[in-house]
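Asker: What follows is a single structure, and I will ask about it in a moment.
The values are calculated or read from the model by the stated rules, or taken from the named source; none is laboratory data. Keep in mind that this is a model prediction, so the values were computed, not measured. Cβ placement follows ideal geometry from the backbone for every residue including glycine, while neighbour counts extend to all protein chains displayed. Just the protein is used for accessible areas: all its heavy atoms, side chains included, with ligands, DNA and RNA removed. Shrake-Rupley method; radii C 1.70, N 1.55, O 1.52, S 1.80 Å.
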Amino acid sequence: MNEFSTSTLTKVYSPAEVEKKWYEYWERNRLFHARVNPDKKPYTIVIPPPNVTGVLHMGHILNNTLQDVFIRYKRMKGFEACWIPGTDHAGIATQNVVEKSLMKEGKTRHDLGREKFIERVWEWKRQYGGVIIKQLRTLGCSCDWDRERFTMDESLSAAVREVFVRLYDDGLIYRGNYIVNWCPKDHTAISDDEVNYSDQTGKLYYIKYPIAGTSDAAIVATTRPETMFGDVAVAVNPTDERYAHLIGKMATLPLANKPIPIIADEYVDKEFGTGMVKITPAHDPNDYWVGQRHNLPQPVVMDISARMNNNVPPKYRGLDRYEARKLALADLDAQGLLVKTEDHTYAVGRCYRCETVIEPYLSDQWFVRMKPLAEPALKVVLDGTIKFYPNRWVKVYEHWMTNVRDWCISRQLWWGHRIPVYYTADGRFTAARSEQEARIRLGVQPDDPLRQDEDVLDTWFSSWLWPFSVHDWPQHEKAGKAQDLAYFYPTDTLVTAPEILFFWVARMIMSGLRFAPSFTGTDEPSKNIPFRDVYFTSIVRDAKGRKMSKSLGNSPEPLDLIAEYGADAVRFTILYLAPLGQDIIYAKEKNEIGRNFANKIWNAGRFLLMNRDQIGEAPKTAEFNTDHLDLADRWILSRFHSTLLDVENAMENYEINKVTKVIYDYFWHDYCDWYVEMIKSRLYGDEPAEAKQAVIARALDLFDAALRLLHPIMPFITEELWQSIRPRAANDSIMRAAMSEPDRSFINKQVEDEMAFVQNVIESVRAIRGEMSIAPSKELSVVMKLRDGRDADSIKKYDGYFRRLARVTSLSFITDQSRPRLSATAVVQGDELFVPLEGIIDIEVEKARLRKEIERVSSLLKSVQAKLSNENFVAKAPKEVVEKEQEKLNTFSETLEKLQRNYAALS
RNA sequence: GGACGCUUAGCUCAGUUGGUUCAGAGCGUCGCCCUUACAAGGCGAAGGUCGUAGGUUCGACUCCUACAGCGUCCACCA
């Protein structure tokens, strides 16, 4: 498995086989599996269960990459990291999918009947469901697959029943005849949160309702004339003097020819329309409450498909609501009762699943009383027991939780958890965990008829229990999961989209605080909350800033991306682009960032292996070999440990894009661009073999450490290289290796300053080369004139670096004015540097170069001078700041002087 | 109508207690290079009065206010 020879490493990294190979290896060795381990602290994440009908999209890529990064990072940091995967049964979505396939056979679910239909859904689930779970493997997710759950598993159904009964017994679940959001296509109620509103331009119709016995008429304005058949009153504002005389009179409902009263109610806005409103209690939520206040009847005039029912005049019966609207308007117009029609923009609510315009509809539904659940759930977020990242979502949460409305949990579907309520023949009912329990509760004999409620529960009624139901609560004892539940609950981090803050996040907090005490045995909120941190992910948008979605067709196909760029590259790229709390603008081509980086890592590995094979490696003693250290070594060790600190810090704050940037910069620019280039001068120089082998060992140590640092983000390539660079034990994996711990004793400011000088010299020579268009292969000489107190030997010892990185083949020093006549010059930290360019130099180019540099330094100098001559500044600014400015003044003026002298020497 | 977020190089974005060798990176552009890890690469260069207008301060990309543009969430008048 390990110890490749260099020849097997191709020049360009090809991820496909590598990724497949290692994922199989990890899974085969059950390296993702977490078990209760008292010696380690647990770190748990439960996956936001994707719909069982779902396929991977870019949002999942981001969301699951983040979770995998957290899990892999914590695992390497010594935690027992457990990522629990699973899928959601997704009531409406799944039922729709199966109904669609039935339609192809010319059947409806009613042709099959409930039992057969549900069987059919299970069959579908077994065959096609959970594709997304397989796709997550492609992405490299290290989920504990032994713990995979489905929200319709028997154990999760038990949790649903338990919770329902408890809430029912506590009086928090009730049944009522209320207006709900009805989807005429899915034939079910949906919750307030499942309705999406969008502005739409429609018409506002003014309709005349004659008033019996007078020539007067009430003129009402409505956007939905078809609901007029359900009108039971006309309302005016009690303070509206225009209509005071009409209150108590009867108006005639046109077309239906029914008398309805004119009533007064505060709800009516005097300014809108005519100030008179038709009241339709069964088809409008506001009208419903008006009707309640005035004890009005609630005639329902549509059926479950929003077709007019038998409560309307015969000619309208059976018509779709929009056809009925058309016909009613025509009839009203014919009778001269349609006064006028205006354009009107208003918000239309649509079903979040099928986009059908919802119909407010009066029906019997089950509700959860939310206030008592919301209060403690709000508290733990406000007091920081649960933290939101970014924090601003706390305000949104607070607003919702203080204005929370009761949750309609019944759905008129077949696919889902059946409501555990049982009715006797004479109409008594109770909630119960089982039919047997219901019989006991109701005092009903085993052979007496008992009927279970036909409806199922909202999908979220099972997902809100997810953090503990995954451990088979309330049957955890029986299932042998008691220890797991105690050890892995609460979870640590929840990674989810802000869109489901209310649907899911808020409700999980409520359910955790409400039900966890029964297994944690404490009322302490911090032990009962379902998670400690919530990370809200970015929205992935396209180049035009539009949200990526299936319907817009503007999203790349994730699996194609992975096939083309590699999973590591896709993971790296999306994290690199995703700042905490900000949306991300995504385009396929961006994956070149990750792909190129992977290739860079790959080639660094090739370089090291090649040299190891040729030179050999000193035997391993500590994490980092510290024999034969020189400047570059001390510097890279210093840089590495500061990088570790930065990564740790950014990780704690969930600044993952910062983590990727820090590592990227370190690896590419510090390790590859400088360090690797610098050790070449030693590896190919004339040092003793022992020193060279120490250099190789150290470079490999650092590479090993960098691979571990990178592993959570790019799991595959790091495993491949980690296994190749050193012999590893059988079944070992980088994912089980320890992350390096930052050690401040390696961080050395003097070393970094010294290195900065060497880098500046090299960069100055390179800049001259670049400006003069001198080929990199052309060898150059450098003459230096040092400022007072500087020792030439302290610079000469870096000769090898200058030779290797700037192609400086001759370095000499002068102390007088004998500078080479035709040379380009630079000033590096006060030391002057001359590059003799006899025959190559273009005087004008060099003069222009120097002029620009002189300008730059002059403007710096000027601003420092301005500051120091400002009395207020000197008097009020802190002493250190003033001193610093004073130092700058000296440096700048010295540098400027030298530049000007060298400029003069050219003319 | 209410709340929140964003506005820095052509593009996508960094910029942590306010102190100009921090105005930066990547992509793109231009120039020189296939230098024995990497052209998916190396080196260098050009390019921005940090949305607008005020204010606080010795000093603001960084704090405050207003405005503009973009975006998100919530509520909603029939």
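Asker: Cα-Cα over 22 Å: which of A:Lys544/A:Lys658; A:Lys852/A:Lys898; A:Lys395/A:Lys550; A:Lys21/A:Lys41; A:Lys208/A:Lys278; A:Lys249/A:Lys278?
Answerer: A:Lys544/A:Lys658; A:Lys395/A:Lys550; A:Lys21/A:Lys41
Asker: Amide H neighbours of A:Lys203 under 5 Å, counting only residues 5+ apart in sequence or on other chains, H built in-plane at 1.01 Å?
Answerer: A:His344
Asker: Could you please state, rounded to a whole Å, how far the C-alpha centre of the stretch A:378-413 is from the C-alpha centre of the stretch A:766-823?
Answerer: Comparing the Cα centres of the stretch A:378-413 and the stretch A:766-823, I get a distance of 65 Å.
Asker: Oh, and also: Counting other Cβ atoms within 10 Å, keep those with at most 13, restrict to DSSP loop, and tell me which trypsin sites (Lys or Arg not before Pro) in the stretch A:441-490 are left.
Answerer: A:Lys478
Asker: Next up: Order A:Thr345, A:Thr522, A:Thr424, most accessible first, counting only protein heavy atoms with a 1.4 angstrom probe.
Answerer: Descending order: A:Thr345, A:Thr522, A:Thr424.
Asker: Give the accessible surface of chain A per residue, rounded to a whole number of Å², with probe radius 1.4 Å and ligands, DNA and RNA excluded.
Answerer: 43
Asker: Got a number for carbon plus sulfur as a percent of chain A's accessible area, 1.4 Å probe?
Answerer: 49
Asker: Apply the Debye scattering formula to chain A, with a single equal point scatterer on each alpha-carbon and no solvent, then give log10 I(q)/I(0) at q = 0.05, 0.09, 0.10 Å⁻¹.
Answerer: Scattering profile of chain A, log10 relative to I(0): -0.46, -1.03, -1.16.
Asker: Nearest 5 percent is fine: what portion of the DSSP beta bridges confined to chain A is antiparallel?
Answerer: The antiparallel proportion sits near 70 percent.
Asker: Chain A: longest stretch without exposed GluC sites (Glu not before Pro) (DSSP loop, at most 14 other Cβ within 10 Å), sites themselves excluded?
Answerer: Here the longest segment lacking exposed loop sites spans A:624-778.
Asker: How much net charge surrounds A:Glu557 when only other residues with a Cβ under 13 Å from its Cβ are counted (Lys, Arg +1; Asp, Glu -1)? If you can, show how the numbers build up before the last one.
Answerer: Numbers: positive: A:Lys550, A:Lys588; negative: A:Asp560, A:Glu564.
Within the 13 Å Cβ shell, the charges total 0.
Asker: Okay, next question. When the Cα centres of the stretch A:709-759 and the stretch A:585-619 are compared, how far apart do they sit, in Å?
Answerer: Cα centres, the stretch A:709-759 to the stretch A:585-619: 13 Å.
Asker: How high is the relative contact order of chain A? Use alpha-carbon pairs under 8 Å, at least six apart in sequence, and give a whole percent.
Answerer: After rounding, I find 13 percent.
Asker: What do you get for trypsin sites (Lys or Arg not before Pro) in the stretch A:571-611 restricted to DSSP loop and a cutoff of at most 16 other Cβ within 10 Å of the site's Cβ?
Answerer: Sites meeting the loop and neighbour criteria: none at all.
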